[in-house]
1. Against the condition within 29 Å of Val165 (Cβ to Cβ) and either exposed (fewer than 14 other Cβ atoms within 10 Å of the Cβ) or in contact with a Gly (Cβ under 6 Å, 6 or more places away or on another chain) (or both), how does Glu311 come out, does it pass?
2. From (1) surrounded by fewer than 19 Cβ atoms within 10 Å (Cβ to Cβ); (2) without any contact (Cβ under 8 Å) to a residue 60 or more places away in the chain; (3) among the basic types (Lys, Arg); (4) part of a strand (DSSP E or B), pick out the condition that doesn't hold for Arg275.
3. Can you spot a residue in the range 159-175 that is of a type outside the set (D, E, K, R) and within 25 Å of Arg266 (Cα to Cα)?
4. State which residue pairs qualify: first residue under 26 Å from Phe268 (Cβ atoms) and free of Cβ contacts under 8 Å to residues at least 12 places away in the same chain and inside the range 279-295, second residue crowded, with 17+ Cβ neighbours inside 10 Å and among the hydroxyl-bearing types (Ser, Thr, Tyr) in any location, beta carbons under 6 Å apart, and separation of 6 or more residues or different chains.
5. Residues being farther than 23 Å from Asp212 by Cβ and among the hydroxyl-bearing types (Ser, Thr, Tyr): count how many of those fall in the range 104-158.
6. Mind checking whether some residue in the range 18-25 is open to solvent by 100 Å² or more (accessible area, probe 1.4 Å), at pLDDT 65 or above and not aromatic (Phe, Trp, Tyr)?
7. Quick one: is Glu320 acidic (Asp, Glu), part of a helix (DSSP H, G or I) and open to solvent by 30 Å² or more (accessible area, probe 1.4 Å)?
8. Using the structure shown, decide if Lys296 is at pLDDT below 90 and on the phi < 0 side of the Ramachandran plot.
Amino acid sequence: MATPKKKKMPVQEETQDIDKESAMAAPSSSIPPPNISSIKNKMRRTQEFIKLKRQKRKEKKELQKKRKREAEALGEEAPPKKVPKTIENMRVLDETMVDPQDEEVLHDEAHDEMASYFSRDTRPKVLITSSDRPRSTTTRFLKELGQCIPNSEVYYRRGLDLKKVIPQALAKEFTDIIVVNEDRRKPNGMLLCHLPDGPTAHFKISNVKLHDEIKRATKSTEHHPEVILNNFNTRLGHTVARMFAALFPHDPQFSGRQAVTFHNQRDFIFFRHHRYLFKNNKRVGLNELGPRFTLKLRSLQKGTFDSKFGEFEWVHKRHEMDTSRRKFFL
């Protein structure tokens, strides 16, 4: 029998096969790093993650040192430092953002419901109450809130309707009503009503910490505190800030060195109560007095509280209004 002849491969095919084998054998710098999440061993996966974080931190420090050396070498010709991008400085511009010195804003504030307080025609007197049968945490929160706000009185509802509370408060010359609601034995809501003509604001309360729960907290005194209102930039924010300001007396007593802060950040209003201490000519220390909590505006209603027939100026609708993380309303 005749043996079949072997077919010879073309020279081009042989060279292509050799190139493929050499490419597979040689290490390539374009190979991506291994995916840590694909490692099944938990201990090894954790070690690799820590190693990766350490490497990134080292590279970041080296880049910072390099930029610092370049800036020192260039001197005055060095480029300005880059401003980091945050949600606050990338905020979507709101049409209601106002200048506090604008003539239209000043005119509206001179004729709004809180104008009598800012013209010193009325002296603030605050009624603090709660929902029916408050639990111990809410009761303690009411007492500490009363210690923060001078000239305030704490009463218990005892099943009385809020619409009946308002005429009684007006008869006793109260200028504001604060109602603290609770859920699951903890404060979860606050209603702030300015008398006699409103407005009424409803807030959600979260992250409540009382005096005993704050580390190294000291006791407050009866001095009138200073009021700090920070970052309320829209027309709605101005109204809410003026409602907070109307709770406190006009003239703070600086000898007490106490300050109450309402800080708005991303539509969350952080409440803090501090006493400041002068350590020397340059350094100042802070002692937190408590309570500490966070507010989130839910609605703003014209006039006094009326759940059925009240006219709302603003209502927070989460699914319709929270379309961007960079859009804020206060």
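1. yes
2. Answer for Arg275: the failing condition is (1).
3. No, because not a single residue in the range 159-175 is of a type outside the set (D, E, K, R) and within 25 Å of Arg266 (Cα to Cα).
4. Nothing qualifies.
5. 5
6. No, the range 18-25 contains no residue that is open to solvent by 100 Å² or more (accessible area, probe 1.4 Å), at pLDDT 65 or above and not aromatic (Phe, Trp, Tyr).
7. Yes, satisfied.
8. no
The values are calculated or read from the model by the stated rules, or taken from the named source; none is laboratory data. Keep in mind it's a predicted model, so treat the numbers as computed, not measured. All Cβ positions, even for glycine, are placed from backbone atoms using ideal geometry, and neighbour counts span all protein chains on display. We work out accessible area using only protein heavy atoms, side chains counted, and drop any ligands, DNA or RNA first. Shrake-Rupley method; radii C 1.70, N 1.55, O 1.52, S 1.80 Å.
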